[in-house]
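Student: There's a structure below that I have some questions on.
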Amino acid sequence: MRSVVIVLALFAVASCASLPGQSMSPEEWYQQGVSFLKSRQYDEAIGAFSEAIELNPQYAEAYRNRGLAWAKKGEFNQAISDYTKAVEMNPRDGQAYYNRGVAWTEKGDLEQAIADYNKAVEINPRDGQAHYNRGIAWSEKGEFKRGLTDAKKALSLEPENKIFVGLVTALQAKIASQGEDRFQQGLSFLEFGQYDEAIRAFSEAIELSPQYSEAYRNRGLAWAKKGEFDQAISDFTKAVEINPRDGQTYRNRGLAWARKGESDQAISDFTKAVEMNPGDGQAYYNRGTVWAEKGALKWGLTDAEKALSLEPNNKTFQKLVTAVQGMIVAKKRNRFRQGASFLESGKYNEAIKAFSDAIELSPQYAEAYRNRGLAWAGKGELDRAISDYSTALKMNSRDGQAYRNRGLAWAKKGEYDKAISDFTTALKINPKDGQAYSNRGIAWTEKGDLVRAIADYSKALEINPRDAKAYVNRGFTWLTRDELDQAIFDFTMALEINPRAAQAYNNRGIAWGQKGDLDQAISDFTMALEINPRYAQAYSNRGITWAETGDLERGLIDVKKALSLEPKNKSYQSLVAFLEDQIGSKE
């Protein structure tokens, strides 16, 4: 690419022709040398400059111009020698440095040439020709980037100089070509697993072209293959800074983040990748994998299915879909089992969270809705319970248990007609559901329809003769009808089945009292209190019975105990006041 320009820097002096018989001065010899140099009479020029130097050994300009004459003759050693003398005499003679640089270039000594051009531009930073020649020297050394820097500097100083324009264009093309060559070599190394060699090749391409985003991206891949994820991320980041629309680089960086365990960063990059290229199945696959690893299985499945829809024959994508589906089923079942365990132990908040997780994984999980309803009911949040039962029934209208549970919630809200309707539907679905009969019996009782209530309790006991609660409920209904013997029978049956049924003792005590058997009544109330020492109603009932026996003091003690357990109970407050008044009047 050599096109070094030699500049004739001739310093003429005023004409001073000698008179006949007079000897010539150094300046006259110098002027004659300049004239010969201009007319390309190089030997004569050398002779004239030599005469000037002979007369004035410190004549720096004569040395410099004699050097030019030697250079024109191709005698570069002599030229360099004269230029050297010139700069020794005048170290600020940038032109002499420049000319010596040209001579060194012609001799092929580029290091010396560059050193002299450096001095030339140091002395005169606006010497475009020196920048240009140094750019050529750098280029001949293969350092095209430095060459281009000098060529651009020269052009900035002389924007109309077509020679400088040509050099800039040529070097840009050379750099692009060389960078592309090294990039292609890097790709080959990368393909064959020669990652260190690939990194070197891509680095050289980047050195030649610092905005080469693809080189950064592929060097990042090479770093990632070596397990050097921080370096990989750095290169991917640089690539997307240069080309923010490079979705592939975002996907690659996402993988590097994932390998480092930075799942949130990985998901963010995969998201950018699919935003830029919605058809990138691999990005969806990668994001789905990370979601699954984070436990966000539903999102993981969504991404895996999207990837598969883009590439239906991709077996890797198919495997991910199958794997995540299996994980969802397993996790769904596990969370459901956990919820059931929490529900059984009365940990309603934990149960609700577990069932909600199961629903999140499988929105059509009717059984999870039904059981979450039970947990809401356990917390007393009946409207939420009813909502979940209703959702379960929309999914499975044959779920008799959901109807029965919703009926209970309606009953607790005092909506007995709705409760009865749900219990009735539950029984149509499962006529052997003794619990539904028993619950409907309670609703009939609350509505005052005791005949129907007794019929339902009897049906429940026919289905399950060991249902102690059904005996207690039917017994209470008999008690309400003043059919005391039937009531006592049912309470006794309940206690045979469950000797710890405090309510059965309390209710039987009421029946004995109404029959006038106060000792039996007191005995039953006492048994109820042994089972449940905080049973306020049993204390109140026993207190009333003591009072009926005439033992007002014992009666007052029991009623006060009931009031201490339920301080806002107005009936207990009235009883205490009444007994205290009775005791006071006797005194």
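Student: For Y539, which of the numbered conditions (1) touching an Asp or Glu at 6+ places or on another chain (Cβ under 7 Å); (2) over 23 Å from K568 (Cβ atoms) fails to hold?
Tutor: The single condition Y539 does not satisfy is (2).
Student: Another one. Taking G193 as meeting all but one of (1) of a type in the set (G, A, S); (2) modelled with pLDDT under 90; (3) not in a helix (DSSP H, G or I), write down the number of the exception.
Tutor: All conditions pass for G193, except number (2).
Student: Where in the stretch 33-119 are there helices (runs of 4 or more DSSP H), lying wholly inside it, with at least 1 residues that are crowded, with 16+ Cβ neighbours inside 10 Å, in contact with a Leu (Cβ under 9 Å, 6 or more places away or on another chain) and in contact (Cβ under 8 Å) with a residue 40 or more places away in the chain?
Tutor: Filter on the stretch 33-119 gives 60-72, 94-107.
Student: Tell me, which helices (runs of 4 or more DSSP H) lie completely within the stretch 416-507 with 1 or more residues that are more than 26 Å from Q520 (Cα to Cα) and small (G, A, S)?
Tutor: Those helices (runs of 4 or more DSSP H) span 416-429, 434-447, 450-463.
Student: So is V4 within 60 Å of the chain's Cα centre (by Cα), modelled with pLDDT under 50 and among the aliphatic types (A, V, I, L, M) or not?
Tutor: Spelling it out, V4 is indeed within 60 Å of the chain's Cα centre (by Cα), modelled with pLDDT under 50 and among the aliphatic types (A, V, I, L, M).
Student: Another one. Quick check on the stretch 207-221. Is at least one of its residues without any contact (Cβ under 8 Å) to a residue 24 or more places away in the chain, surrounded by fewer than 23 Cβ atoms within 10 Å (Cβ to Cβ) and charged (D, E, K, R)?
Tutor: no
Student: Here are some conditions: (1) touching a helix residue (DSSP H, G or I) at 6+ places or on another chain (Cβ under 6 Å); (2) assigned to a helix (DSSP H, G or I); (3) within 27 Å of I175 (Cβ to Cβ). R126 meets all but one. Which one does it not meet?
Tutor: (2)
Student: In the stretch 563-587, which residue that is charged (D, E, K, R) and closer than 18 Å to R542 by Cβ is surrounded by the fewest Cβ atoms within 10 Å (Cβ to Cβ)?
Tutor: Within the stretch 563-587, the match that is surrounded by the fewest Cβ atoms within 10 Å (Cβ to Cβ) is E580.
Student: When both residues are 6+ apart or on different chains and their Cβ atoms are under 6 Å apart, which pairs have a first residue that lies in the stretch 406-420 and is within 10 Å of I386 (Cα to Cα), and a second that is at pLDDT 95 or above and of a type in the set (K, R)?
Tutor: Filtered contacts from the stretch 406-420: W410/K418.
Student: Considering the stretch 138-152 alone, what residues qualify as being in a helix (DSSP H, G or I) and without any contact (Cβ under 8 Å) to a residue 60 or more places away in the chain?
Tutor: Listed by number, the residues that qualify are W138, R146, G147, L148, T149, D150, A151, K152.
Student: Anything in the stretch 153-180 that is among the β-branched types (V, I, T), over 19 Å from L208 (Cα atoms) and in contact (Cβ under 8 Å) with a residue 12 or more places away in the chain? List them, or say none.
Tutor: Within the stretch 153-180, I163 is the sole residue that qualifies.
Student: So, one more: If we keep just the residues of the stretch 421-446 that are without any contact (Cβ under 8 Å) to a residue 24 or more places away in the chain and polar (S, T, N, Q), which is farthest from I463 (Cα to Cα)?
Tutor: Top of the filtered list is S421.
Student: Of (1) closer than 26 Å to L427 by Cα; (2) surrounded by fewer than 20 Cβ atoms within 10 Å (Cβ to Cβ), T477 satisfies all except one. Which?
Tutor: The one condition T477 does not meet is (2).
Student: Moving on. Identify the single condition in (1) under 22 Å from the mean Cα position of the chain (by Cα); (2) assigned to a helix (DSSP H, G or I) that G227 does not satisfy, given that it satisfies every other one.
Tutor: All conditions are met except number (2).
Student: Considering only residues that are polar (S, T, N, Q) and more than 60 Å from the chain's Cα centre (by Cα), which ones fall in the stretch 445-504?
Tutor: Residues satisfying the conditions are S458, T477, T480, Q486, T492.
Student: For the stretch 250-265, does any single residue satisfy the condition of being among the acidic types (D, E) and closer than 22 Å to A292 by Cα?
Tutor: Looking for residues that are among the acidic types (D, E) and closer than 22 Å to A292 by Cα, one finds at least one in the stretch 250-265, hence yes.
Student: Of the residues A392, A368, A377, which single one is of a type in the set (A, V, I, L, M, F, W, C), modelled with pLDDT of 95 or more and more than 19 Å from K332 (Cβ to Cβ)?
Tutor: So the residue among A392, A368, A377 that is of a type in the set (A, V, I, L, M, F, W, C), modelled with pLDDT of 95 or more and more than 19 Å from K332 (Cβ to Cβ) is A377.
The values are calculated or read from the model by the stated rules, or taken from the named source; none is laboratory data. If you're wondering where the values come from, they're calculated on a predicted model, not measured in any experiment. Quick reminder, even Gly has a Cβ in these numbers, built from the backbone with ideal geometry, and neighbours come from all protein chains shown.
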